[in-house]
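No value in this document is a laboratory result; all are computed from the given coordinates. Just so it is clear, the structure is predicted and the values come from calculations on it, not from any experiment. Here the Cβ positions follow ideal geometry from the backbone for every residue, glycine too, while neighbour counts run over all protein chains shown.
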Amino acid sequence: MSDSDRRVKRGLRLNLPRSQKQLLSTFSGLFLLGVVFTILSPYFFSVNNLLTVATQTAVIAIIAIGQTYVLITGGIDLSIGSNIALSAMIAGLVMRVNLPVPLAILAGLATGLTSGAVSGALVAFGNIPPFIATLGTMTVARGISLTLTQGIPISGLPKGFTRWGTDYTLGIPNPVMVMVLLVLIFGFILSKTKLGRYVYAVGSNFEAARLSGVNTKRTLILVYVFSGLLAAFAGLLMAARIISAQPAAGDGYELDAVASSVIGGTSTMGGEGTIAGTFIGAFVIGILRNGLNLIGISPFIQKIVIGVVIVGSVFFDRIKRKD
């Protein structure tokens with residue numbers, strides 16, 4: 001093991017108790033929300049509603065995984081929502097000409113991966129701030145998705161594709177199964193592999209990581225590739241669930257991804273975050289929306305509540321960093 005690996009590992013061991021405290025804090029907040037909405041609505045704590053919450057949260061959780069990787073490096077990915085739409089549109093166009101569903105899925109995933117790679121290259125090699133780089137790719141991807149069909153959705157998708165969004169496996173909705181699988185895979189990569197240690201190192205101190213032998217440019221490109229790929233997964237699941245590819249799909253979802261990550265303990269300043277925390281954070285957003293709907297709160301008020309939660313999470317993160 002290299003000296004850089006030892007230093008990064010040592011730093012992660014020192015930060016572990018704090019991560020565990022943050023995870024416990026986020027889970028406690030989720031549990032409290034569940035208790036409150038169970039009291040306020042007799043429909044909340046039912047199997048059907050909980051499965052609905054999990055299904056609705058799947059897309060947010062998946063894109064939030066990728067956003068977490070990016071945030072840990074000190075960046076941000078604003079192109080997630082556009083990648084959701086573009087990946088679904090490309091897959092829909094492939095299916096429209098009667099090509100096999102697996103080929104369409106691969107085309108959609110390749111689209112998200114390519115978009116992420118472009119964003120990563122702009123940040124790593126172009127030295128463009130992540131906000132500007134992904135703002136540009138966001139606009140381009142959205143424009144392409146609208147241009148491909150002149151803004152008209154692609155409907156009538158084949159059953160072999162839509163079953164991934166509408167069917168159940170062992171009594172669990174397929175989107176939830178995909179979400180759990182991706183959480184486990186990318187959680188393992190971040191917490192147990194060399195790449196994961198490098199991601200934390202780049203976000204903690206970019207220059208120190210570079211001088212320690214970490215390939216910082218490759219690491220940055222990979223985190224944006226992950227983000228684009230996961231956005232593509234989310235876009236395909238969304239299209240399969242609503243049985244159509246929408247060119248305007250995913251609008252504003254990048255904000256949900258940031259919110260889930262920050263609520264789950266990912267620092268906007270880089271260097272800290274876990275996939276488990278993000279997973280719980282996504283469910284905080286999902287349960288908030290579902291519970292507020294059940295008790296008849298206006299969607300406009302819901303935006304205010306979620307906005308306050310996001311600002312509060314960032315505020316407390318800054319306070320903790322000063323301790």
When the dipole is taken about the Cα centre of the chain, and only Lys, Arg (+1) and Asp, Glu (-1) are charged at their Cβ, what size is it in debye, to the nearest 20? 740
Ranked from fewest to most other Cβ atoms within 10 Å of their own Cβ, 218, 142, 210 fall in the order 218, 210, 142
Modelling each spin label as a point 7 Å along the Cα-to-Cβ direction, I'd like the residue 51/residue 117 distance in nm, to one decimal. 4.0
Where a ≥ b ≥ c are root eigenvalues of the Cα gyration tensor, a/c under 1.5 meaning rounded, otherwise prolate if a/b exceeds b/c and oblate otherwise, the range 91-232 counts as oblate
Greater than 28 Å separation of Cα atoms is the criterion. Which listed pairs, 21/194; 192/303; 159/192, meet it? 192/303; 159/192
How do 217, 303 line up, fewest other C-beta atoms within 10 Å first? 303, 217
Work out, step by step, the length gained on full extension between residue 180 and residue 305: first 0.36 nm times the residue separation, then minus their alpha carbon distance; give nm to one decimal. 42.3 nm
Note on the chain: helices (DSSP H) long enough, at least 20 Å by alpha carbon along their axis, and hydrophobic enough, mean Kyte-Doolittle at least 1.6, are 101-124, 174-192
Add +1 for every Lys or Arg and -1 for every Asp or Glu among the other residues with Cβ under 13 Å from the Cβ of residue 86, and state the total. 0
Just want the ordering: 62, 152, 72, from fewest to most Cβ atoms lying within 10 Å of their own Cβ. 152, 72, 62
Read through the labelled values [x] 0.94; [y] 0.97; [z] 1.00 and report the label of the one computed as Rg/Rh (Cα atoms, Kirkwood Rh) from the structure. [y]
